[in-house]
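Here's the structure, in structure tokens; my notes come after.
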Amino acid sequence: MKTGYWSSHKYYRLNVADYVEAWVGYKPLLELVELADGPREKAFLSTLFLTGGRVSEVLALRKNNFEIRREEGLIKVQGMPLLKRYKKIAKAKDGKRKWITERLIKTRKPFPILFSEPLTSFLLSWLDKCEGLLFPSPYKEGEPLTRFWAYKKIRSLDKSVNPELRQKLGLDKKFVVNGKKVSDNIHLWLHWFRSQRACCLVSEFGFQLHDLLDWFSWEHMETATHYAKKGWRGLAEKMLKTKAAA
């Protein structure tokens, strides 16, 4: 009998609140993307970061979700799926959960990606090669690559990161679960790119929390505060600028 991957592999969930401190900067992020295998992998990582989407939302993207507006120097992203929205249908009776829910079919509000951002070139080059899905499965016609494909690519990429780059990316922290050390370094994970995008928008473009709600189509301010962090360097810069202006 064939068993699933996770039946023989331990899975530890990395928490954005505990393991992402601040925006790492474009240069280390570009170094990371350059380590990826080929154009498709580089485009996937770039799109994961630039859209700030969940991995399933990014894999579901199609070429017509992107309107290239060269005269304005930006890409307008529209109709990007929002896959983690649910409505309550009825109270559950099995005792294991409180509610029976139904997934809502929703999309994000339109948002921009600037040509001037270093990773945008990977996305633009890939869009030139696409017709329908950005990341179609080579095995199942009309379907995108799977989350498991994305997970394996990220873990493989993590093994290519040298200690110096790992430090720049903030991945040199001890990985602790329930008070016990799992490893000396945390590994790269998919949601890391989403959190880095929020931190980038705050640090590079001066986004406030209400801007993040609008850009990500988030519903709650708590979500924005969870993802967007300046880190000690960002806080120091703000304090020094305020002092200089006084």
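The values are calculated or read from the model by the stated rules, or taken from the named source; none is laboratory data. Since this is a predicted model, take the numbers as computed values, not measurements. Reconstructed Cβ throughout: ideal geometry from the backbone, glycine too, with neighbour counts over all protein chains shown.
Can you tell me how many residues within region 137-153 are surrounded by 10 or more Cβ atoms within 10 Å (Cβ to Cβ) and either over 14 Å from L48 (Cβ atoms) or not charged (D, E, K, R) (or both)?
11
Considering only residues that are assigned to a loop (DSSP other than H, G, I, E, B) and in contact (Cβ under 8 Å) with a residue 60 or more places away in the chain, which ones fall in region 56-79?
Across region 56-79, the qualifying residues are A60, L61.
Could you count how many residues in region 80-108 are modelled with pLDDT under 95 and part of a loop (DSSP other than H, G, I, E, B)?
13
Out of L201, L212, L124, report the one residue that is touching a Phe, Trp or Tyr at 6+ places or on another chain (Cβ under 8 Å), part of a helix (DSSP H, G or I) and surrounded by fewer than 18 Cβ atoms within 10 Å (Cβ to Cβ).
So the residue among L201, L212, L124 that is touching a Phe, Trp or Tyr at 6+ places or on another chain (Cβ under 8 Å), part of a helix (DSSP H, G or I) and surrounded by fewer than 18 Cβ atoms within 10 Å (Cβ to Cβ) is L124.
Out of curiosity, is A43 within 27 Å of P112 (Cα to Cα), outside any loop (DSSP other than H, G, I, E, B) and at pLDDT 95 or above?
So A43 passes the test.
Looking at the structure I just gave you, is F175 within 17 Å of S56 (Cα to Cα), among the aromatic types (F, W, Y) and either at pLDDT below 95 or surrounded by fewer than 15 Cβ atoms within 10 Å (Cβ to Cβ) (or both)?
Spelling it out, it is not the case that F175 is within 17 Å of S56 (Cα to Cα), among the aromatic types (F, W, Y) and either at pLDDT below 95 or surrounded by fewer than 15 Cβ atoms within 10 Å (Cβ to Cβ) (or both).
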